[in-house]
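Take a look at the structure set out below.
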Amino acid sequence: MKYDHFSFPGAVPRTFVGALALAGITKPYIGIFGAEYSQLIVRAVLGLSNAYTLLRYKNGLDMAFGKNVGRWYIMLQAAQFHVIFYASRTLPNMFAFGLSE
């Protein structure tokens, strides 16, 4: 019998580097505003960095293909919920989002 679970090597290895970098960036702000706001601060920083990534990508589209393409790209992103919904979630995909630009 050849079942997957006999030869499956395990889960995809993950790294903590993104979470560590985000913690290092937000630590001073958490020290100022208090630990009760830590989740809000962390998600705000991650969401803003991902929004910055989307704007940089839009500017690249503007330069490569013209302003209309950049405008359509922003409208596409605003019309679908997926990227905007997950932009501030502390998931491995969202840590890597800025690197994939």
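The values are calculated or read from the model by the stated rules, or taken from the named source; none is laboratory data. Just so it is clear, the structure is predicted and the values come from calculations on it, not from any experiment. Counting neighbours? That spans all protein chains shown, and the Cβs are built from the backbone with ideal geometry, glycine included. Accessible surface areas use protein heavy atoms only, side chains included; no ligands, DNA or RNA. Shrake-Rupley method; radii C 1.70, N 1.55, O 1.52, S 1.80 Å.
Summed over segment 45-101, residues that are touching an Asp or Glu at 6+ places or on another chain (Cβ under 7 Å) and of a type in the set (G, A, S) total 1.
In segment 73-89, of all residues being touching a residue at least 24 places away in the same chain (Cβ under 8 Å) and open to solvent by less than 60 Å² (accessible area, probe 1.4 Å), the one that is farthest from A21 (Cα to Cα) corresponds to V83. Considering only residues in segment 26-72 that are among the aromatic types (F, W, Y) and under 20 Å from M94 (Cα atoms), the one that is least open to solvent (accessible area, probe 1.4 Å) turns out to be Y57.
The helices (runs of 4 or more DSSP H) found entirely in segment 20-101 that carry 2 or more residues being modelled with pLDDT of 95 or more and out of contact with any Gly (no Cβ under 7 Å at 6 or more places or on another chain) are 38-65, 67-79.
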